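For reference, the structure is listed below as structure tokens.
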Amino acid sequence: MSENLFNEFEPVSSKQWKQQIQYELKGADYNETLIWESPEGIKVKPFYHIDEFEKPLQVTTHTSQFKICQNIFVHDLDKSIARAKETLNRGAESIRFTIPNEQVDVEKLINSLPLQSIPVYFYLNFLSIDFVKKLDSIAKDKNTTFFAQLDPIGQLTKDGNWFSNLEKDFEALNTIAIACTNIHFLSVDSSLYQNAGANIVQQIAYALGHANEYFNRVATISKPIVLQVAVGTNYFFEIAKLRAMRLLFNLIAKEYDHNLECHIIAAPTKRNKTLYDYNVNMLRTTTECMSAILGGADTVFNLAYDVLYHKDNEFGDRISRNQLLVLKHESYFDKVNNPADGAYYIEELTHQLAEKALALFKDIEAAGGFLTQLKEGIIQRKIQESAAKEQELFDNGKEVLLGTNKYPNKDDRMSHDLELYPFVKSNPRKTLITPIIEKRLAEKAEQQRLEDEKSNTGAE
């Protein structure tokens, strides 16, 4: 149909919209009533209009190709193989194995599975040249993509120590970069920053600074770098976050003649997950997975609703996987590439987040770089300050977690259901730097409720 049916309707300008809104407010202040400011300093308006729309950003997202991933910790090899097979039969499109040590028979693990064209991630809790060479040798004969998620800087940030030391860790990376040409070997785990309480601008800037250290210190990077991202609950901001992260990564990578796009693997954040009224976690993870997909994540793995207090179990895995299957095959989230293009609000958020994150990244580099600021404790302090502001909002009821600080179920009991300890553990030890610690917003309130439960049980 070539005929335009709406020529008789006059366009409404942004000025006219604002005048109408001010009339409807009946004297209330427009800025104070309708404009709110995010923790990143972004003022969010009640509407966005083509009059104020700048040229759209060139962010390419291949939403139609995103993969549903299942995370499997390899503790018992035979059980892990059986679980991986079951997972693939039930709809998973990729697997992410967490490998605890070098003794795992990775050849048996891989050869026991039907991995034709199925991307496989290996999250290693160690750094071993021989182990990665073995993976590379196996990958040579497989018609699939292997990702060995090696991230010594990520190890430093979460543990406080390198695998060995700075020189040896980067020497190992450079050896692997030359010797292993069949696998993707480099990863940046930025999920730690979100889970520890960093705001979105900090998350993007720290991920860029983290990646920039690898560009400076690893001579040959001939494969895409994996960015591991945690996705929070601010729906449109999180879509914009992934878009801004991809945009800025590509911008910085080109300065090093690295013309390969980053590979984003995303998962819901742990920060807003709760022990009480745990079924609400399913609602949180669903919207977070939606943001991850629409923001352009290449691979998404979900968190089980009971991840805080239950060990890995088939039911929790199946529910979390089914959430992604519904989004892909029943909600059709994979049918359109670049779905956020042309959305004025998301475009504006992407632009502002990218602008602020790039400014912060430049400040970090001007002050000596990401590792220098980690050593001086500046990154840790900034994250703690951001986390403290968010925690205060939660404690005052302005940041709402349903079932925890809003409409809690007083009859909810959890003290006898804990298979895992759901709180930050204190582990005093000697470290090179102060580690960045993940902490959930609800921890303090939940600990108090558990103590009250135990007291009431004793009284009865």
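Quick check on my filter: what residues within the range 252-265 are assigned to a strand (DSSP E or B) and of a type outside the set (Val, Ile, Thr)? Residue satisfying the conditions is His263 alone.
The set of residues in the range 283-334 being among the aromatic types (Phe, Trp, Tyr), farther than 18 Å from Ala84 by Cβ and either modelled with pLDDT of 95 or more or in contact with a Leu (Cβ under 6 Å, 6 or more places away or on another chain) (or both) consists of Tyr305, Tyr309, Phe333. Consider Lys108 carefully, then state whether it is more than 25 Å from Val326 (Cα to Cα), touching a Leu at 6+ places or on another chain (Cβ under 8 Å) and of a type in the set (D, E, K, R). For Lys108, the condition - more than 25 Å from Val326 (Cα to Cα), touching a Leu at 6+ places or on another chain (Cβ under 8 Å) and of a type in the set (D, E, K, R) - is met. Looking at the range 237-251, is at least one residue in a helix (DSSP H, G or I), within 25 Å of Leu360 (Cα to Cα) and open to solvent by 40 Å² or more (accessible area, probe 1.4 Å)? Looking for residues that are in a helix (DSSP H, G or I), within 25 Å of Leu360 (Cα to Cα) and open to solvent by 40 Å² or more (accessible area, probe 1.4 Å), one finds at least one in the range 237-251, hence yes.
Can Leu324 be described as farther than 16 Å from Val201 by Cα and crowded, with 22+ Cβ neighbours inside 10 Å? For Leu324, the condition - farther than 16 Å from Val201 by Cα and crowded, with 22+ Cβ neighbours inside 10 Å - is met.
Pairs are defined by a Cβ separation below 6 Å, a sequence spacing of at least 6 or placement on different chains, a first member in the range 42-54 that is within 12 Å of Glu347 (Cβ to Cβ), and a second member that is open to solvent by 60 Å² or more (accessible area, probe 1.4 Å); the pairs so defined are Tyr48/Tyr344; Phe53/Tyr344.
To keep it simple, each residue is scored yes or no on (1) hydroxyl-bearing (Ser, Thr, Tyr); (2) within 30 Å of Glu37 (Cα to Cα); (3) surrounded by 15 or more Cβ atoms within 10 Å (Cβ to Cβ).
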| site | (1), (2), (3) |
| --- | --- |
| Ile319 | no, no, yes |
| Asp341 | no, yes, yes |
| Tyr345 | yes, yes, yes |
| Lys356 | no, yes, yes |
| Lys362 | no, yes, no |
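To keep it simple, each residue is scored yes or no on (1) in contact with a strand residue (DSSP E or B) (Cβ under 6 Å, 6 or more places away or on another chain); (2) among the polar types (S, T, N, Q); (3) open to solvent by less than 50 Å² (accessible area, probe 1.4 Å).
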| residue | (1), (2), (3) |
| --- | --- |
| Asn31 | no, yes, no |
| Pro39 | no, no, no |
| Lys45 | no, no, no |
| Tyr48 | no, no, yes |
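Looking only at residues that are basic (Lys, Arg) and part of a helix (DSSP H, G or I) in the range 10-29, which one is most open to solvent (accessible area, probe 1.4 Å)?
Here the answer is Lys15.
For the range 320-336, state whether one or more residues are out of contact with any helix residue (DSSP H, G or I) (no Cβ under 6 Å at 6 or more places or on another chain), part of a loop (DSSP other than H, G, I, E, B), among the polar types (S, T, N, Q) and farther than 18 Å from Lys241 by Cα. Yes: one or more hits.
Would you pick out the residues in the range 233-242 that are over 16 Å from Ile265 (Cβ atoms) and not polar (S, T, N, Q)? Matches in the range 233-242: Tyr235, Phe236, Phe237, Ile239, Ala240. The set of residues in the range 364-381 being among the aliphatic types (A, V, I, L, M) and open to solvent by 60 Å² or more (accessible area, probe 1.4 Å) consists of Ala366 alone. Which one is most open to solvent (accessible area, probe 1.4 Å) among residues in the range 409-435 that are farther than 24 Å from Ala388 by Cα and either polar (S, T, N, Q) or assigned to a helix (DSSP H, G or I) (or both)? Only one residue tops the list, namely Asn409. Of everything in the range 37-78 that's farther than 20 Å from Pro268 by Cβ and among the basic types (Lys, Arg), which residue is modelled with the lowest pLDDT? Once the filter is applied, the top-ranked residue is Lys55.
Of all residues in the range 56-97, those satisfying the criterion of being charged (D, E, K, R) and assigned to a loop (DSSP other than H, G, I, E, B) are Asp76, Arg90, Glu93. Can you say whether Val336 is without any contact (Cβ under 8 Å) to a residue 60 or more places away in the chain and open to solvent by 40 Å² or more (accessible area, probe 1.4 Å), as far as the supplied structure shows? The answer is no for Val336.
Just to be sure before I move on: is Glu438 open to solvent by less than 70 Å² (accessible area, probe 1.4 Å), under 17 Å from Thr157 (Cβ atoms), modelled with pLDDT of 95 or more and charged (D, E, K, R) in the structure I sent?
Spelling it out, Glu438 is indeed open to solvent by less than 70 Å² (accessible area, probe 1.4 Å), under 17 Å from Thr157 (Cβ atoms), modelled with pLDDT of 95 or more and charged (D, E, K, R).
When residues in the range 266-294 are screened for being in a helix (DSSP H, G or I) and either of a type in the set (Asp, Glu) or more than 27 Å from His329 (Cβ to Cβ) (or both), 1 of them pass. Restricting attention to the range 201-225, the residues being surrounded by fewer than 24 Cβ atoms within 10 Å (Cβ to Cβ), of a type in the set (Phe, Trp, Tyr) and closer than 27 Å to Glu385 by Cβ number 1. Filter the range 289-308 down to residues that are open to solvent by 10 Å² or more (accessible area, probe 1.4 Å) and in contact (Cβ under 8 Å) with a residue 60 or more places away in the chain and give me whichever is nearest to Arg271 (Cα to Cα). Taking the candidates together, the pick is Leu308. Each residue in the range 226-236 was checked for being open to solvent by 10 Å² or more (accessible area, probe 1.4 Å) and over 22 Å from Phe370 (Cα atoms), and 4 of them qualify. Taken together, Ile50, Ile72, Ile35 contain a single residue that is among the aliphatic types (A, V, I, L, M) and touching a helix residue (DSSP H, G or I) at 6+ places or on another chain (Cβ under 6 Å), which is Ile72.
The values are calculated or read from the model by the stated rules, or taken from the named source; none is laboratory data. All figures in this text were calculated on a predicted structure; none of them were measured in a lab. Neighbour counts run over all protein chains shown; Cβ positions are idealised from the backbone, glycine included. Please note that ligands, DNA and RNA were not included when accessible areas were found on the heavy atoms of the full protein model with its side chains. Shrake-Rupley method; radii C 1.70, N 1.55, O 1.52, S 1.80 Å.
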